[in-house]
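Quick note: the coordinates plus some simple rules give every number you see, no bench work behind them. Bear in mind the structure is a predicted one, so any value in this text is a computation, not a measurement. Cβ coordinates were reconstructed from backbone atoms using ideal geometry, including for glycine residues, and neighbour counts include every protein chain displayed.
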Amino acid sequence: MAQVQELTSTADADAMLQASHDGPVYLLKHSIACPISARGQMEFVGLEGDGDPPLYAVVVQYARDVSDYLAEQLGVQHETPQALLIKDGEAIDVKSHHNIRVAALRSAAEAAA
C-alpha cells in the first residue's frame with residue numbers, strides 16, 4: 001500500500017518529477033486551514049491502494065516555496081486543494097476543489113498508465 005510522501009524542499013519536488021518518468025505520480029497541494037482542502041485530502045488518500053500511483057503532497061503553509069516552484073515547473077496555476085497527475089515531468093490531469101474525488105483520480109491514473 002502506498003503512503004503519501006510530503007515534499008518539503010525543491011530537491012524533494014525534483015525527485016518526484018524525476019520519478020514521474022518511471023510512471024505516473026500524483027501530487028496534492030493542500031492547506032491545513034481549509035475544510036474544502038481537508039475533504040480533498042481525504043479523497044486523495046483514498047488512492048493508497050495496490051496499483052495506484054505513488055502519492056506526494058505539499059502543505060502550502062509549510063512549503064509555499066515548493067508549491068510555487070512546482071506551479072512554475074509544471075505550468076499550472078496554483079490552487080488549493082489541487083491534485084495533479086504527473087507523467088514524464090508534465091501535469092497531464094489537474095483537478096481542484098470539489099472535483100477531487102477518488103474515483104475520478106483513479107480513472108485518470110488508469111488512463112495514463
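Work through the residues other than His30 whose Cβ is under 14 Å from its Cβ and net out their charges, Lys, Arg +1 and Asp, Glu -1.
On the way: positive: Lys29, Arg39, Arg64, Lys95; negative: Glu6, Glu43, Glu79.
With Lys, Arg at +1 and Asp, Glu at -1, the net is +1.
Taking the DSSP beta bridges in the chain as the whole, what percent of them are antiparallel, to the nearest 5? Within the chain, antiparallel bridges account for around 60 percent of the total.
For His21 and Met42, calculate 0.36 nm times their separation in residues minus their Cα-Cα distance, and state this gained length in nm to one decimal. Intermediate values should be presented prior to the final figure.
Values: separation 21, 0.36 × 21 = 7.56 nm, distance 2.65 nm.
4.9 nm is the gain from fully extending His21 to Met42.
A simple spin-label model places the labels of Glu110 and Asp65 4.1 nm from each other, with each point 7 Å out along Cα-to-Cβ. A simple count of charges around Lys95, restricted to other residues whose Cβ falls under 13 Å of its Cβ and scoring Lys, Arg +1 and Asp, Glu -1, yields +1. Dividing the summed -39500 (n - 2.57) terms of all DSSP H runs of n ≥ 4 by the residue count of the chain sets its mean residue ellipticity at 222 nm at -11000 deg cm²/dmol.
Can you sort Met42, Met16 so the residue with the fewest Cβ neighbours within 10 Å comes first? Let's see the in-between values first.
Values: Met42 11, Met16 22.
Placing the least packed residue first, the sequence is Met42, Met16.
Summing Lys and Arg as +1 and Asp and Glu as -1 over all other residues whose Cβ lies under 12 Å from the Cβ of Thr8 gives a net charge of -2.
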